[in-house]
Amino acid sequence: MRRTLETLAAWWAIAGGVLLLAITVVTSYNVAAFTAGGMLEALGVNVDGLPGYEDFVRLMISCAALMFFPYCQLSRGHVAVEIFVSALPARLRGALDRAWTALIALTAVFLGIMMVVGLIETRDDRTSTSILGWVEWPFYIPGAISLALWAAIAAMQAADPRRGAGNGA
């Protein structure tokens, strides 16, 4: 199970990176178009940016941002404050670490449930983007998957009795 979650988290983060790359390409094109448009305006040449750019970026960012959370959890990349617990016995640090990781798992489950509720409400309201006219609810799906994967990884880590504070396992 651990190997499956590790593989899913890695590929999910790569997919998030691909979305960020697409955002970068579209943004670069828009910046170049507006720059060229400004320079060529005196010559009567009109260069337009991409219509619906803002819609595209908003929807892609909403997907990509959460896609890194599972891998970050897997690699223990989240911010941890160990100043106060560094003097505690290793056993107690490990117990605290597992308890906080379990709390993270529960938080991810809660956020995932709220994401699905938002998806359903957005679908029922038939919400679409203002310029492109894209239906918005499908863009909630990657977020819900991300939160479920994040919760599964945190739960797996919290259940591992070998985990101790600071060992990076």
Exercise. Once both axes come from the Cα atoms, what is the angle between helix 90-124 and the longest principal axis of the chain, in degrees from 0 to 90, rounded to 10?
Worked result: 40 degrees
For this session: Positive end of the charge dipole of the chain (Lys, Arg +1 and Asp, Glu -1 on Cβ, about the Cα centre): tell me which of LEU59, ALA108, ALA144 has its Cα farthest that way.
Result: ALA108
For this session: Would you mind calculating the gained length between VAL31 and ARG162 on full extension (0.36 nm times residue separation, minus the Cα-Cα distance), in nm to one decimal?
Result: 42.1 nm
For this session: Roll a 1.4 angstrom probe over the protein heavy atoms and tell me the percent of accessible area of the chain that is carbon or sulfur.
Result: 70 percent
For this session: Report, to the nearest 10°, how far helix 2-40 tilts away from the longest principal axis of the Cα atoms in the chain, using its own Cα long axis and a range of 0 to 90°.
Result: 30 degrees
Exercise. For the chain, max minus min Cα coordinate along each principal axis, in Å, sorted largest first?
Worked result: 74, 38, 29
Exercise. How much length, in nm to one decimal, is gained on full extension between GLU6 and VAL117, taken as 0.36 nm per residue of separation minus their Cα-Cα distance?
Worked result: 37.2 nm
Problem set entry | Proximal charge balance of LEU132 [Cβ under 12 Å; K/R count +1, D/E count -1] | -2
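The values are calculated or read from the model by the stated rules, or taken from the named source; none is laboratory data. All values reported here derive from a predicted model rather than from experimental measurement. Backbone-built Cβ (ideal geometry, glycine too); neighbour counts: all protein chains shown. Surface accessibility is based on the protein's heavy atoms, side chains included, excluding ligands, DNA and RNA. Shrake-Rupley method; radii C 1.70, N 1.55, O 1.52, S 1.80 Å.
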